[in-house]
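Below: one structure, written as structure tokens.
The values are calculated or read from the model by the stated rules, or taken from the named source; none is laboratory data. No experiment lies behind these values; they were computed from the predicted model shown. Cβ placement follows ideal geometry from the backbone for every residue including glycine, while neighbour counts extend to all protein chains displayed.
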Amino acid sequence: MTADAIFTTITDRDNQRQQAMLSGDIDTVEQYIGSTLRYVHASGTDEDRTVYLERLRNGYYRYQHLETSRRDYRHFGDTVIVNGDLRIHVIVDGRERDFTGRFLQIWALQDGDWKMVAWQTTRLPTD
């Protein structure tokens, strides 16, 4: 598979993951993330896969809007690093958060399938 084909696959999978997050379909979200996931929020909160999925399921995180405006890819064998920008509107433990962020995302080929294994968001300053 060419690098461009891999990037297209990952983009499609990530778009599907985001749509599932918005619709509250956590079973689908779970299909796209690896067993070793580390998810670091813009607040600095660092969660493993179990905690992140539990918080999605119990409504601690309720994503209202996700819009990715840029993705840049780097391919290293069975790993792809994605840097990008996005707009997020999320309710966290009852408090609304609406911001633009920069993210670092890592996808790894696991058991023949691309899985997101790391995410980190940095909030961008407002103008």
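Residues that are part of a loop (DSSP other than H, G, I, E, B), within 18 Å of F7 (Cβ to Cβ) and not hydroxyl-bearing (S, T, Y): does the range 112-124 have at least one?
First, the residues of the range 112-124 that are part of a loop (DSSP other than H, G, I, E, B): 112, 124.
From what's left, within 18 Å of F7 (Cβ to Cβ): 112.
Pick out the ones that are also not hydroxyl-bearing (S, T, Y) and you get 112.
Yes, that holds for at least one residue.
I need every pair where a residue in the range 88-117 that is without any contact (Cβ under 8 Å) to a residue 60 or more places away in the chain has its Cβ under 7 Å from the Cβ of a residue that is of a type in the set (G, A, S), sequence separation at least 6 or different chains.
Close Cβ pairs (under 7 Å, with a partner that is of a type in the set (G, A, S)) amount to I88/G101; F99/A42; G101/A42; F103/G84; I106/A118.
Sort out which residues of the range 42-66 are modelled with pLDDT under 95 and under 13 Å from the mean Cα position of the chain (by Cα), and write them in order of number.
A42
Across the range 1-23, what is the total count of residues that are loosely packed, with under 12 Cβ neighbours inside 10 Å and free of Cβ contacts under 8 Å to residues at least 40 places away in the same chain?
Qualifying residue count for the region: 6.
Restricting to the range 61-101, and then to whatever is closer than 15 Å to I6 by Cα and aromatic (F, W, Y), can you tell me which residue is surrounded by the fewest Cβ atoms within 10 Å (Cβ to Cβ)?
The residue in question is F76.
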